[in-house]
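Worksheet: the structure to be examined is printed underneath.
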């Protein structure tokens, strides 16, 4: 069975600082994908970034990057130059090959202070 | 382009009543997912469809829950009769599914804004 662990229930960061949100995963499959979603207070789930297990380069999307360390089974989200609008819940999720189900972690609530 | 559209955004009902949640997926997507989000259990998949056909409903909590997808542009999740423990946010998501051939296909799931259900 797959499992996603996000050990930081909440984080507080000053505006313009970089922030790293932790995600570790557990699977015996060799082919899998890792996803990060953002859930602002309005409630919608917004896709941010994707990393495939065979991707050699860490994924980047604008201010978001994924620090993928396969041997450690970690897929941390890095947000550079944080903004007030980054305040939200952030969820890490995984899909294994052949399945369509996303397995989510419990989330990290990020608060950006001015 | 319109994203996944869910209605209603909020639903308040009394125990025992029937509740119907609606979803319009992104045009051209061929997979549709229903998730439920609660504080205790987080986000969990209830059921998903490929090409309008239910594939896995193992996450549906019990027979009171049913889901249909009569065509590619519409799906419903029905709870009958509703109970207070069904109170949650229900999300619909859609994706364009490519088969995993060697490397994993991204098959990114795009979510709707959710329906917040309160059963009194």
>> I'm trying to understand the selection: among the residues of the stretch B:83-112, which are closer than 18 Å to residue B:24 by Cα, modelled with pLDDT of 95 or more and outside any strand (DSSP E or B)?
In response: B:109, B:112
> How many of the residues in the stretch A:16-44 are in a loop (DSSP other than H, G, I, E, B) and crowded, with 21+ Cβ neighbours inside 10 Å?
Replying inline: 1
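Residues checked against (1) under 20 Å from residue A:38 (Cβ atoms); (2) at the interface with chain A (Cβ under 10 Å from one of its Cβ atoms); (3) touching a helix residue (DSSP H, G or I) at 6+ places or on another chain (Cβ under 9 Å); (4) surrounded by 15 or more Cβ atoms within 10 Å (Cβ to Cβ):
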position: B:33; (1), (2), (3), (4): yes, yes, no, yes
position: B:45; (1), (2), (3), (4): yes, yes, no, yes
position: B:51; (1), (2), (3), (4): no, no, no, no
position: B:70; (1), (2), (3), (4): no, no, no, no
position: B:91; (1), (2), (3), (4): yes, yes, no, yes
position: B:100; (1), (2), (3), (4): no, yes, no, yes
position: B:103; (1), (2), (3), (4): no, yes, no, no
> Would you pick out the residues in the stretch A:90-114 that are surrounded by fewer than 19 Cβ atoms within 10 Å (Cβ to Cβ) and not in a loop (DSSP other than H, G, I, E, B)?
Replying inline: A:109, A:111, A:113
>> Against the conditions (1) over 21 Å from residue A:92 (Cβ atoms); (2) more than 8 Å from chain A (Cβ to nearest Cβ); (3) surrounded by 16 or more Cβ atoms within 10 Å (Cβ to Cβ), where does residue B:80 fall short? Just the number, please.
In response: (3)
>> Looking at the stretch A:79-109 only, could you name the residues that are under 15 Å from the mean Cα position of the chain (by Cα), at the interface with another protein chain (Cβ under 10 Å from one of its Cβ atoms) and within 22 Å of residue B:103 (Cβ to Cβ)?
In response: A:93, A:95, A:102, A:103
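The values are calculated or read from the model by the stated rules, or taken from the named source; none is laboratory data. What you are looking at is a predicted structure, and each value in this text was computed from that prediction instead of being measured. All Cβ positions, even for glycine, are placed from backbone atoms using ideal geometry, and neighbour counts span all protein chains on display.
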